[in-house]
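The values are calculated or read from the model by the stated rules, or taken from the named source; none is laboratory data. Because the structure is predicted, anything quoted here is derived from the model rather than measured. Cβ placement follows ideal geometry from the backbone for every residue including glycine, while neighbour counts extend to all protein chains displayed. Protein only, heavy atoms only, side chains kept; ligands, DNA and RNA dropped before computing areas. Shrake-Rupley method; radii C 1.70, N 1.55, O 1.52, S 1.80 Å.
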Amino acid sequence: MKENIRNTMYQLLRDIGDIQGIARTTILSIESFIAAIKELRCSQDEVAGLYIELADAIKNSQPKIIPLIHLIERFEKDMRQIMRTSPSIEEIRNSAEKSLREQIELFKNKADKVTQHGLNYIKNGDVIIAHSASWVITNILIEAKKVTKPLFRVIVLEQNKERTRQLIQALREHDIDHHVTPAHDLSHYVNEANKMFLGALTITSDHKIVAPSGTSGTVSLCHLNNISVHLFANTLHYSHNRAIDQYIYSEEGNTNTANLHFPITTHSHDLIDLELIDHVVTEDGETGKDYYCPVDFSSNVMATKED
């Protein structure tokens, strides 16, 4: 794949992630992979190489989308087994689509289980800070209102306008009490809130969280003010690698202000120490902070350092 095409794809993934969130980006990416398979016109000898080329490009995105990478790795394992039988091009196409749809269902199933566990962390009287419109956080808030029906309020921190708009629409649709404030104004509400909910792009093997830009400051302020920080992420978000290996995208730009011209560097995501998180909740329920990257997702096995 040409470098300019790769870079365009990575920019598209970042843009979709900014607007839709990582969970939706993961699903949309696999659905796009399925669409590409249906449109693919090539010989039987070429198909394996083309699949590998696209999968390799996805696995090296900036930043790395760890849930998507793990699902693609599972897909590659399926395809290696299928290719051993010398299948026809149509059999390869059908098997590839079947495997990718299974990956989508696996991801949705894990996310649904996280949501169900999340309901246990909303009680009557809670005032919950929501930093971004994470799919899992939005679903937890909605399901709590519909199922367990506690009386709670949400402080929505405005940062990414499109993501904030999505969260506000969901809260309004389900009649969930909420208040919107700029993220930099959070210090005025720390005496009201008692919990913060967040999702993550990645949990790295060296106990760092890769999360949307601006999350680090919010988590730190909550930690200093004894506001309980809850991280909700299924185990597909756990990375085999360290934070330094996550390819967090940085961009150089120029700024003009008050007749002064200067360069500025921005990063697509924050890094947060896992020690600042009070509760880590996966599809298996609350998880100790000593968990690190899964050994084998095909068997759904998690490992701890004691292992």
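Pull up the stretch 234-249, narrow it to residues that are buried (at least 16 other Cβ atoms within 10 Å of the Cβ) and among the aliphatic types (A, V, I, L, M), then point me to the one that is nearest to His269 (Cα to Cα). Only one residue fits best here, namely Ile248. Of the residues making up the stretch 133-146, one or more are under 26 Å from Leu224 (Cα atoms) and assigned to a loop (DSSP other than H, G, I, E, B).
Residues being closer than 30 Å to Asp112 by Cβ, open to solvent by 100 Å² or more (accessible area, probe 1.4 Å), out of contact with any strand residue (DSSP E or B) (no Cβ under 8 Å at 6 or more places or on another chain) and outside any loop (DSSP other than H, G, I, E, B) are represented in the stretch 258-275 by at least one member. Against the criterion of being modelled with pLDDT of 95 or more and out of contact with any Phe, Trp or Tyr (no Cβ under 7 Å at 6 or more places or on another chain), Asn194 qualifies. Considering only residues that are open to solvent by 20 Å² or more (accessible area, probe 1.4 Å), in a loop (DSSP other than H, G, I, E, B) and either at pLDDT below 80 or out of contact with any strand residue (DSSP E or B) (no Cβ under 8 Å at 6 or more places or on another chain) (or both), which ones fall in the stretch 56-69? The answer is Asn60, Gln62. Criterion applied to Glu76, Glu53, Glu90 was being surrounded by 14 or more Cβ atoms within 10 Å (Cβ to Cβ) and over 28 Å from Ala133 (Cβ atoms), and the one residue passing it is Glu76. For the stretch 16-35, the count of residues that are in a helix (DSSP H, G or I), more than 21 Å from the chain's Cα centre (by Cα) and either of a type in the set (Gly, Ala, Ser) or surrounded by 13 or more Cβ atoms within 10 Å (Cβ to Cβ) (or both) is at least one. When the stretch 181-195 is filtered for residues that are among the β-branched types (Val, Ile, Thr) and under 22 Å from Lys123 (Cα atoms), only Val190 remains. Of the residues contained in the stretch 226-233, none is found to be open to solvent by less than 50 Å² (accessible area, probe 1.4 Å), under 28 Å from Asn60 (Cβ atoms) and modelled with pLDDT under 80. Among the residues of the stretch 155-176, the one identified as β-branched (Val, Ile, Thr), under 25 Å from His237 (Cα atoms) and either open to solvent by 20 Å² or more (accessible area, probe 1.4 Å) or assigned to a strand (DSSP E or B) (or both) is Val156.
Entry remark, the stretch 286-307: residues being surrounded by 12 or more Cβ atoms within 10 Å (Cβ to Cβ) and modelled with pLDDT of 80 or more number 2 in total.
Applying the criterion of being open to solvent by less than 20 Å² (accessible area, probe 1.4 Å) and out of contact with any Asp or Glu (no Cβ under 8 Å at 6 or more places or on another chain) to the residues of the stretch 114-133, the residue that is nearest to Glu283 (Cα to Cα) is Ile122. Of all the residues in the stretch 37-52, those that are assigned to a helix (DSSP H, G or I), touching a residue at least 12 places away in the same chain (Cβ under 8 Å) and among the hydrophobic types (A, V, I, L, M, F, W, C) number 4.
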